[in-house]
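Read the structure below first, then the notes.
The values are calculated or read from the model by the stated rules, or taken from the named source; none is laboratory data. Worth saying up front: this structure is predicted, and the values here are computed from it rather than measured. Because the Cβ atoms are built from the backbone with ideal geometry, glycine has one as well, and the counts that use them run over all protein chains shown.
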Amino acid sequence: MKQISLTGIKPTGILHIGNYFAAIKPALQLAETHDARYFIADYHALNTVKDPKELAANIRAVAAGWLAAGLDPERVIFYRQSAIPETFELTTILMAFTSKGLMNRAHAYKAVVQENNEKAQDPDAGVNMGLFTYPVLMAADILLFNSDVVPVGKDQVQHVEMAQDIARAVNFNYRSELLKVPAAAITETVAVVPGLDGRKMSKSYGNTIPLFAPERELRKLIMRIVTNSQGVEEPKDPENSQIYLLYRLFATPEERRTLADRYRAGGLGWGAAKEELFRVVNRELGSLRERFDALMADPPGLDAILSRGAERARPIAAATVARLRKAVGIA
Ligand code: TRP
């Protein structure tokens, strides 16, 4: 039997090339070796996104994005968190086993409190209970589906550890392995994806290349990548060039070698290097963009994919909740 992996995707913001290499590609790889489950954590996003149109659009775009990037909804289970009401019933049960002190230690909550303190504001200013109890809902997401491994970035490891703590507290109280204790699998980013300004590509730096940018916009963004003042004829170091570091992610090994040689030989200007970059990026993202546009143009089709996923997910969730209700004495 394959191990079960579970990946939660928060629908906040537009997917960019950094997400593609750091999160999407490694997570999709797991479907090769695991019984893989992926879901859109839409109720988690509600903590921060209060505009209904924006939230609805984000949910759709992130679902279409993962499907376009290669998520196969037949082979894996793909659903929306909000379509699994058992999530919220399990959350309520888990609340009774989660100490407030554990939540006080959560990095995301502590960061807001610290910021408030620095500004001499009320420590809990801007903190809603959704943020404070975020790790409990996330634990429910994970424990509901008997997950063995949860692939996450470093920032989410603490949350998975909290899910372990909560599961152990339940199991200990009832002297029974009611909940599988999950392991965090840290997705080591293979490469730092440089942004338009040379810093790491990140939404918070505003230096991203959206994954599904139309061709013209993609070209424009690539032409905007910051370069130094080296002239065309000067030999250049590929390893020190954002353009090359991005190129490397999209090019074949052969193409990589060829372009690196051209850099070192001199005679390759930044404009020409950007043209090369645009060519390989557009080659890979062109087909993704087509699939994305087709999914976005067919909302009922997209909804049907997600509903079908929820239908497959719910019996698993229902079994977990039934087991828990019985164990706690609320059958
Ligand atoms: N907290 C995760 C993030 O911000 C999203 C998430 C919600 C999640 N529930 C999860 C991830 C369960 C893994 C498992 O990226």
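Take the conditions in a loop (DSSP other than H, G, I, E, B) and more than 21 Å from PRO135 (Cα to Cα) and apply them to LEU30. Does it pass? In short, no.
Evaluating ALA331 against the criteria (1) out of contact with any Pro (no Cβ under 9 Å at 6 or more places or on another chain); (2) loosely packed, with under 13 Cβ neighbours inside 10 Å; (3) not in a loop (DSSP other than H, G, I, E, B) leaves one unmet condition, (3).
For (1) modelled with pLDDT under 95; (2) surrounded by fewer than 22 Cβ atoms within 10 Å (Cβ to Cβ); (3) under 30 Å from LEU245 (Cα atoms), each residue gets a yes or a no:
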residue	(1), (2), (3)
VAL127	no, yes, no
MET138	no, no, no
LEU144	no, no, no
VAL150	no, no, yes
VAL190	yes, yes, yes
SER202	yes, yes, yes
PRO214	no, yes, yes
LEU218	no, yes, yes
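Annotation note: Cβ proximity below 9 Å between a residue of the range 160-180 that is more than 15 Å from THR91 (Cα to Cα) and free of Cβ contacts under 8 Å to residues at least 12 places away in the same chain and a residue that is part of a helix (DSSP H, G or I) and not charged (D, E, K, R) (sequence gap 6+ or interchain) occurs for GLU177/ASN171.
Need pairs with beta-carbon distance below 7 Å; first residue over 17 Å from ARG279 (Cβ atoms) and within the range 230-248, second assigned to a helix (DSSP H, G or I) and of a type in the set (Lys, Arg); sequence gap 6+ or separate chains. Correct list of pairs: PRO235/ARG264. Considering only residues in the range 17-36 that are touching a helix residue (DSSP H, G or I) at 6+ places or on another chain (Cβ under 7 Å) and within 15 Å of the ligand (Cβ to nearest atom), the one that is modelled with the lowest pLDDT turns out to be ILE24. Elements of the type helices (runs of 4 or more DSSP H) sitting completely within the range 48-160 and holding at least 1 residues that are within 11 Å of the ligand (Cβ to nearest atom) and small (Gly, Ala, Ser): these cover 107-118, 134-144. When restricted to residues that are crowded, with 16+ Cβ neighbours inside 10 Å and assigned to a helix (DSSP H, G or I), the range 166-188 contains 5.
Checked across the range 311-327, the condition of being touching a strand residue (DSSP E or B) at 6+ places or on another chain (Cβ under 7 Å) and at pLDDT 95 or above holds for at least one residue.
I want to confirm something. Restricting to the range 8-42 and keeping residues that are farther than 27 Å from GLY206 by Cβ and within 11 Å of the chain's Cα centre (by Cα), which single residue is surrounded by the fewest Cβ atoms within 10 Å (Cβ to Cβ)? Only one residue fits best here, namely TYR38. Taking first residues from the range 251-270 that are in contact (Cβ under 8 Å) with a residue 24 or more places away in the chain and within 18 Å of VAL281 (Cβ to Cβ) and partners that are crowded, with 19+ Cβ neighbours inside 10 Å and charged (D, E, K, R), the Cβ contacts under 6 Å between residues at least 6 apart in sequence or on separate chains come to TYR263/LYS236. If you go through the range 293-313 and keep only what is touching a Leu at 6+ places or on another chain (Cβ under 8 Å) and closer than 23 Å to PRO210 by Cα, you end up with LEU295, MET296, LEU302.
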